[in-house]
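Structure, as structure tokens:
We did not get these values from a lab; they are worked out from the coordinates using the rules stated. Everything numeric here is computed off the predicted structure, so don't read it as measured data. Cβ: placed from backbone, ideal geometry, glycine included. Neighbour counts: every protein chain shown.
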Amino acid sequence: MQTSPKLIINLAKIKHNAARVLRFCSLKEIDVIGVVKGCSGLVEVAKAFIAGGIVNLADSRIENIIEFRSAGIKNEVTLLRIPRLSNVKNVIEYSEISVNSEVEVIKSLGYYAKMKKKIHKIVLMIDVGDLREGILEEELFDTLNYIKNIEGICLYGVGTNLGCFGGVKPTRQNLNYLVNIACKAEKIIGSSIEVISGGGTSSLTLLENNEMPNEVNQLRVGEAILLGTDVTNNKNFEWLEQDAFVLETEIIEIKEKPSVPFGEVGRDSFGNKPKFNDKGIIKRAIVALGKQDLYLNGIMPKDNKISVLGGSSDHLILDITNNDNDLKVGDTIKFDLGYSSLVSATCSKYIQKEFVGEI
Ligand SMILES: *Cc1c(COP(=O)(O)O)cnc(C)c1O
């Protein structure tokens, strides 16, 4: 039996978003890699990407990619998190491309690829300022000279990641810098590099503003297709659907209570010091949802007259004072999810998943 909480996933909307992103990028001669990791690599969602016309997929987890293969997905897949040295065998077996920044790992990839009589494609990650993965420019010469002699791999592209750790936005300037590095790399290895991969969803805004350097020919897009949003630039794409994922759960308590706790106040269950605004007596609902289910800071009640007061491991407390519907225990409350909550909700064993929408 299906009980709450439940994540309702509209595959038709995801397909629609995939097709729109693909068309938008193709007008600017940019290939799109569809990144499924934002929903923990759900196979049904990967299939919706493909139904929307996306040919090349990507995920950060080889475990998810193995599930794509078990589900019969034969499309080219890129592994987006630099491989673990302990896992390169699977990377060669199940993915065609991986992003990399460590020569030791690349050497090991080459070794297994050669054993399997494969050529594995490498995208060398360049750090242009966000300070997550990638080599700095001063390492370029030595890195390329080392990897150009490794058999079993080919340097397929250079790429960069932005808007993640450092929150650094993609700009014409930092992507031109990447293009510049690609040119230097071609000189060092003495052949051309097929792909310049200029980031993910946060780079779409540059495209919208016609500020993308012409040489960038690939983006790896997840969030925009899944949620129609861009968390780095704090915006919605008007031309995409924002509600492909809706979380539902039920009310387990409704009480009128004060808005400020009474008694001696220490720390909350997660060790934080809670703060409260005194709004007098308010009507509060507790729903069956908590920090054990998902990251609570990224959820928004669909009804804008309901607000989130806070939550603990298993309880989420809502202010329903201004809600006009006569809400009762057992009624369902719906939430929109931000990226952080989507990632955690799709991993949760407590949240059921229901797929709707024809693809
Ligand atoms: C997650 C990820 C992406 C996709 O990012 P979105 O913001 O979801 O579009 C692209 N590249 C790398 C390396 C990633 O880790």
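Below is a table of values for the structure above.
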quantity: Any chance GLU241 is of a type in the set (Asp, Glu), assigned to a loop (DSSP other than H, G, I, E, B) and in contact (Cβ under 8 Å) with a residue 60 or more places away in the chain; calculated: yes
quantity: The range 318-342, residues that are surrounded by fewer than 18 Cβ atoms within 10 Å (Cβ to Cβ) and more than 16 Å from the ligand (Cβ to nearest atom); calculated: THR321, ASN322, ASP324, ASN325, ASP326, LYS328, VAL329, GLY330, ASP331, THR332, LYS334
quantity: Looking only at the range 99-133, and only at residues there that are in contact with a strand residue (DSSP E or B) (Cβ under 7 Å, 6 or more places away or on another chain) and in a loop (DSSP other than H, G, I, E, B), the one that is farthest from LEU219 (Cα to Cα); calculated: ILE119
quantity: Residue match in the range 123-130 (condition: touching a residue at least 40 places away in the same chain (Cβ under 8 Å), within 13 Å of the ligand (Cβ to nearest atom) and not β-branched (Val, Ile, Thr)); calculated: yes
quantity: When residues of the range 165-220 are limited to those that are assigned to a helix (DSSP H, G or I) and of a type in the set (Ser, Thr, Tyr), the one farthest from THR232 (Cα to Cα); calculated: TYR177
quantity: Residue list for the range 26-73, filter: at positive phi and in contact (Cβ under 8 Å) with a residue 24 or more places away in the chain; calculated: GLU29, SER40, GLY41, GLY53
quantity: Only one of LEU316, LEU337, LEU327 that is closer than 24 Å to GLU241 by Cβ and not small (Gly, Ala, Ser); calculated: LEU337
quantity: Members of the range 175-201 that are surrounded by fewer than 19 Cβ atoms within 10 Å (Cβ to Cβ) and in contact (Cβ under 8 Å) with a residue 60 or more places away in the chain; calculated: none
quantity: Of the criteria (1) buried (at least 18 other Cβ atoms within 10 Å of the Cβ); (2) among the hydrophobic types (A, V, I, L, M, F, W, C); (3) more than 16 Å from the ligand (Cβ to nearest atom), which one ALA345 fails; calculated: (3)
quantity: Search result, residues across the range 236-247 that are of a type outside the set (Val, Ile, Thr) and either touching a Leu at 6+ places or on another chain (Cβ under 6 Å) or away from the ligand (no atom under 13 Å from the Cβ) (or both); calculated: ASN236, GLU238, TRP239, GLU241, GLN242, ASP243, ALA244, PHE245, LEU247
quantity: Residue match in the range 219-231 (condition: more than 16 Å from VAL158 (Cβ to Cβ), out of contact with any His (no Cβ under 7 Å at 6 or more places or on another chain) and more than 11 Å from the ligand (Cβ to nearest atom)); calculated: yes
quantity: Helices (runs of 4 or more DSSP H) completely within the range 1-80 that count 1 or more residues being in contact with a Ser or Thr (Cβ under 9 Å, 6 or more places away or on another chain), surrounded by fewer than 19 Cβ atoms within 10 Å (Cβ to Cβ) and of a type in the set (A, V, I, L, M); calculated: 43-51
quantity: Complete set of residues in the range 291-306 that are assigned to a loop (DSSP other than H, G, I, E, B), touching a Phe, Trp or Tyr at 6+ places or on another chain (Cβ under 7 Å) and closer than 16 Å to ASN322 by Cα; calculated: LYS302
quantity: Residues of the range 83-100 satisfying the condition of being crowded, with 19+ Cβ neighbours inside 10 Å and either of a type in the set (Phe, Trp, Tyr) or within 15 Å of the ligand (Cβ to nearest atom) (or both); calculated: PRO83, VAL91, SER95, ILE97, SER98, VAL99, ASN100
quantity: Residue in the range 154-174 that is surrounded by the fewest Cβ atoms within 10 Å (Cβ to Cβ), counting only those that are away from the ligand (no atom under 14 Å from the Cβ) and touching a residue at least 24 places away in the same chain (Cβ under 8 Å); calculated: ARG172
quantity: The one condition in (1) farther than 23 Å from VAL216 by Cα; (2) more than 13 Å from the ligand (Cβ to nearest atom) that VAL55 fails to fulfil; calculated: (1)
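Residue-wise test of (1) within 16 Å of the ligand (Cβ to nearest atom); (2) within 18 Å of the chain's Cα centre (by Cα); (3) aromatic (Phe, Trp, Tyr).
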position: SER4; (1), (2), (3): no, no, no
position: LEU7; (1), (2), (3): no, yes, no
position: ARG23; (1), (2), (3): no, no, no
position: SER26; (1), (2), (3): no, no, no
position: VAL36; (1), (2), (3): yes, yes, no
position: SER40; (1), (2), (3): yes, yes, no
position: LYS74; (1), (2), (3): no, no, no
position: VAL77; (1), (2), (3): yes, yes, no
